[in-house]
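Take a look at the structure set out below.
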Amino acid sequence: DVYKRQDRLDRRISQQLLLLKATAAHFETSSEPLSRAGFYGFLDALEVSEDYQGIRGVGFALLTDPSQDKQTSALITANYAFERPVWPQTTDQALRTPIVLLEPQDERNRAALGYDMLTEPTRRAALEQAMVTGKPAASAPVRLVQETAGAKQNGFLILYLIHISKPTRL
């Protein structure tokens, strides 16, 4: 039935938006430095892997400028124990939004670490909308950067900007 499917979809989207807002609240209220351990512990306590079907990952991207790429890469290395540069290496944007935390950590999500979302027009449009409105913004369909082999799939992102003042070890 169309109404039942619509209701299930509405509930699922509402649940995922609540997860996004809870994640934002976690970052905004935590007194701890930005770290994978704290982020993983938060998501694990919410049982995201079990209770939020359809979510490929929950992540955190920093708003930086290109002069901070080496420090951002060092933050990723400190949290995930492997080197990952901010990529793509060149940008025509004055700012960057590299993904520095992404869970659950697996081979596919590992591939997205360091990715600067402002370098891609569809992601940039959603980020700009979130900046202007102060509310979550969904992107149009995008090719997920997690898709590294085999049949590549499209997805969409829900982006939400928050302000944190805690140290990031940059």
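Filter the stretch 135-146 down to the residues that are at pLDDT 90 or above and assigned to a loop (DSSP other than H, G, I, E, B), then identify the one that is surrounded by the most Cβ atoms within 10 Å (Cβ to Cβ).
For the stretch 135-146, the residue satisfying everything is S139.
Based on this model, can you work out whether Y80 counts as within 19 Å of A111 (Cβ to Cβ) and open to solvent by 60 Å² or more (accessible area, probe 1.4 Å)?
Working: within 19 Å of A111 (Cβ to Cβ): yes; open to solvent by 60 Å² or more (accessible area, probe 1.4 Å): no.
Judged against the criteria, Y80 is not a match.
Can you spot a residue in the stretch 89-111 that is surrounded by fewer than 15 Cβ atoms within 10 Å (Cβ to Cβ) and in contact with a Lys or Arg (Cβ under 9 Å, 6 or more places away or on another chain)?
The answer is yes; a qualifying residue exists.
Out of everything in the stretch 147-170 that is more than 30 Å from T29 (Cβ to Cβ) and of a type in the set (S, T, N, Q), what residue ends up being modelled with the highest pLDDT? Please lay out each step first, then the result.
From the stretch 147-170, those more than 30 Å from T29 (Cβ to Cβ) are 147-154; that's our starting set.
Remaining after also requiring of a type in the set (S, T, N, Q): 148, 153-154.
Details: T148: 69, Q153: 78, N154: 85.
Checked the stretch 147-170; the qualifying residue modelled with the highest pLDDT is N154.
Taking the conditions exactly as written (buried (at least 17 other Cβ atoms within 10 Å of the Cβ), aliphatic (A, V, I, L, M), touching a helix residue (DSSP H, G or I) at 6+ places or on another chain (Cβ under 7 Å) and within 18 Å of L102 (Cβ to Cβ)), does A24 satisfy them or not?
So A24 does not fit the description; no.
The values are calculated or read from the model by the stated rules, or taken from the named source; none is laboratory data. Because the structure is a prediction, the values reported are computed rather than measured. Cβ atoms come from the backbone with ideal geometry, glycine included; neighbour counts cover every protein chain shown. All accessible areas refer to the heavy atoms of the entire protein, side chains included, with ligands and DNA or RNA removed. Shrake-Rupley method; radii C 1.70, N 1.55, O 1.52, S 1.80 Å.
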